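The values are calculated or read from the model by the stated rules, or taken from the named source; none is laboratory data. For clarity, every value in this text was computed on a predicted model and none was experimentally measured. Glycine also receives a Cβ, built like all others from the backbone with ideal geometry; neighbour counts cover every protein chain displayed.
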Amino acid sequence: MGFFRRLVGLEPKSEQDITDSLALFKEVYGTRLSDAGISVTWKTALTVSTVLACCRVRAEGLSVPFRLYQETAGGRKIAADNPLHLIISRRPNAWQTSLEFLETISFHLDLTFNAYVFVNRVGMAREVREMIPLEPGRVRTEQRPDYSLRYFVRGITGQEQEFAADAIWHLRGPSWNSWLGMDALLLARNAIGLSLSLERGQSEDQKNGLQTSAVYSVKERLAPDKFAFLSAWIDKHLPGGERAGKPMILDMDADIRSKLLSAIDQQLIETRKFEIEEICRFYRVWPIMVGHAGDQSPTFASASEFFQAHKTYTLDPLYRRISQSANINLLSEEQLRQGYYTKFVVNALMSAAPKDKAEYYQKGLGSGNAKGWLTQNEVRDFEDMDRSDDPEADKLPQPISKPANPSEKPA
């Protein structure tokens, strides 16, 4: 592909290329030292189970259908005849499904607040034929004095290639300057860094058999040979030694005292629970969605409310962010005027609550004196069923009129 030939480049890296590449690597993938003294990068952040769980929950929420629609005089229709519909709903490129593609850009958004996609356009009409996610660390964005944006993509050889703005679909998270997402890991480095520090400290305790360091003291002065003998003797009692876990026999009025706090004294459990909630707060994910119930186990009713809140406050903003960005980056001005737009079919999330779904359809189809807002075929579309050939299936149901006199029969 011509894109990859330009991106990878045929010339070897110069010394300047190596310097620029290192600077770019440090800027995007480099260290963000937390107050706990732990370096936080996207790779280390994903080793924290809560961060990975939050990113997965948000990304897997994009498993609902993503389609291209067109507004018509009679309402709207799926624009199945437009090549872009197949690309965004089925096959964005040669090796990814639509879900895999959306998961990738979701992870990029969550960890860097920026996601970049190469958009391969062909022909005079500049139609989209494929979309390829780019690692955020390989893309550099600049703003010209006229406020237009420039994108530079660095290949694996270190060579940098500038691409036109319409060749890069740039999805932004929360932004301060409006054209570049803020540094997500810089903002979350303390919460993530503390979790990494707790994991590391707890792992060291487990490595040492949960036995903390101690001070062994004797009354007399130790000669070098006695010190060496005593060190070897203590090694036998450490984890992995001959007498590990067995009582220690002390002489010479010796005393051994622990110098470190226990896990209970350090309140590790409470701190780790707090860090789970802190990271969930940053990603706007309800703790129950990552398997953390807190101090109380939710009931079925409260869990249902949590799932609805997850859809409303976590997923809906993500749906709108991606679909609105796709509209202005993937569709031409002419297509926008023709009524084309992208949309996630979020009703698919109702499949997890059959009772709620049944009540919704019942009200949507109308009952008694209430006028419905759904047709039978629309309900069948939601359920992935074949449309009915009955002409009445495409008409909105009308309320049943009540007779003025109870003795009269309805017309």
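Observations
- Residue list for segment 285-332, restricted to those being touching a helix residue (DSSP H, G or I) at 6+ places or on another chain (Cβ under 8 Å), small (Gly, Ala, Ser) and modelled with pLDDT of 85 or more: Gly291, Ala326
- Condition met for Ala167 (surrounded by 14 or more Cβ atoms within 10 Å (Cβ to Cβ) and of a type in the set (Gly, Ala, Ser)): yes
- Filter result for the condition that a residue is among the acidic types (Asp, Glu), more than 21 Å from Phe163 (Cα to Cα) and modelled with pLDDT of 95 or more, over Glu103, Glu71: Glu103
- In the set Ser197, Ser178, only one residue is surrounded by 16 or more Cβ atoms within 10 Å (Cβ to Cβ), outside any strand (DSSP E or B) and either at pLDDT 75 or above or of a type in the set (Gly, Ala, Ser) (or both); that residue is Ser197.
- Output for segment 61-101, where each listed residue is out of contact with any Phe, Trp or Tyr (no Cβ under 7 Å at 6 or more places or on another chain) and surrounded by 22 or more Cβ atoms within 10 Å (Cβ to Cβ): Gly61, Ile87, Phe101
- Residues that are of a type outside the set (Asp, Glu) and either surrounded by fewer than 21 Cβ atoms within 10 Å (Cβ to Cβ) or within 10 Å of the chain's Cα centre (by Cα) (or both), drawn from segment 103-112: Thr104, Ile105, Ser106, Phe107, His108, Leu109, Leu111
- Counted as qualifying within segment 52-154 are the strands (runs of 3 or more DSSP E) with 1 or more residues that are of a type in the set (Phe, Trp, Tyr), in contact (Cβ under 8 Å) with a residue 24 or more places away in the chain and within 18 Å of Leu185 (Cβ to Cβ), namely 114-122.
- Considering segment 137-163, and only residues there that are at pLDDT below 90 and not polar (S, T, N, Q), the residue that is farthest from the chain's Cα centre (by Cα) turns out to be Gly158.
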